[in-house]
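Novice: Before I ask anything, let me first share the structure, which is written out below as C-alpha cells.
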Amino acid sequence: MSEQRIRDLIAKLEAATEGSHELDGLIWDTLGPVKPRSIHRYTSSLDAALTLVPEGCDVDMQTRKRYAMVADWRGRDHGVPLGSSIGVATLPLALCIAALKARVDQ
C-alpha cells in the first residue's frame, strides 16, 4: 500500500458526486484485502466506511456539514487528529477520506 496511491485515491473520492461500486473497488484494491474479504459499499455505507478507520482511533462526524474526522486518543488526554474531510458529496465519502488520510498520517 503506497502512500502516493492512497493520496491519488483520496483525490478521486474528494471529486466524487456520490458513492459507487467502482470507488469501492479502488479502495479495496488500494488497501489490499480488508476484512471481510468481499468488497463493501465503503462509499455509500457508514457501517462499511467505519471498517476503514485504523484500529484504536475514534471518529467524529457531523451530518449537516458532511464532516468526518479520525483521531488517535491512545495514551493521551486529548485526541490527535489524523485525517479529516468536510463538504464532500456524502457523509460516507467524508468518512472514507478521513480514514484514508489517517492511514497515511499514522
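Every number in this text was worked out from the coordinates using simple rules, so none of it is lab data. Just so you know, these numbers come straight off a predicted model, no measurement behind them. Here Cβ is always computed from backbone atoms with ideal geometry, including for glycine, and neighbour counts include all displayed protein chains.
Novice: Any chance you could run the full-extension gain for T17 through R64? It's 0.36 nm times the residue separation minus the Cα-Cα distance, nm to one decimal.
Specialist: 15.3 nm
Novice: Would you mind ranking M61, M69 by Cβ crowding within 10 Å, fewest neighbours first?
Specialist: M61, M69
Novice: I need to check one value: relative contact order of the chain, counting alpha carbon pairs closer than 8 Å and at least 6 residues apart, in percent.
Specialist: 28 percent
Novice: Could you size up the charge dipole of region 3-105 around its Cα centre, putting +1 on the beta carbon of Lys and Arg and -1 on that of Asp and Glu, and report it in debye to the nearest 20?
Specialist: It comes to approximately 60 debye.
Novice: Also: If you filter region 1-72 for GluC sites (Glu not before Pro), then keep DSSP loop positions with at most 16 other Cβ within 10 Å, what is left?
Specialist: Counting only loop positions with at most 16 other Cβ atoms within 10 Å, the GluC sites (Glu not before Pro) in region 1-72 are E18, E55.
Novice: Identify which of T30, T90, T17 has the largest mean-square fluctuation in a Gaussian network model of the chain, with springs joining Cα atoms closer than 10 Å.
Specialist: Highest fluctuation of the listed residues: T17.
Novice: Can you list residues from other chains, or at least 5 along the same chain, whose modelled amide H is less than 5 Å from the amide H of Y67?
Specialist: Placed amide hydrogens put Q62, G87 under 5 Å from Y67.
Novice: Let me have the 222 nm mean residue ellipticity of the chain computed from DSSP H runs of 4+ only, each contributing -39500 (n - 2.57), with the sum over all residues rounded to the nearest 500.
Specialist: Rounded to the nearest 500, the figure is -12500 deg cm²/dmol.
Novice: When the chain is treated as a GNM, springs tying every alpha-carbon pair under 10 Å, which of D60, D72, D24 comes out with the largest mean-square fluctuation?
Specialist: Maximum among the listed residues: D60.
Novice: If you don't mind, another one. For region 42-55, just list the computed ³J(HN,Hα) in residue order, Karplus coefficients 6.51, -1.76 and 1.60, θ = phi - 60°, integers in Hz, with x standing in for Gly and Pro.
Specialist: Taking θ as phi minus 60°, the curve returns 3, 7, 10, 10, 4, 4, 5, 4, 4, 5, 7, 5, x, 4 Hz for region 42-55.
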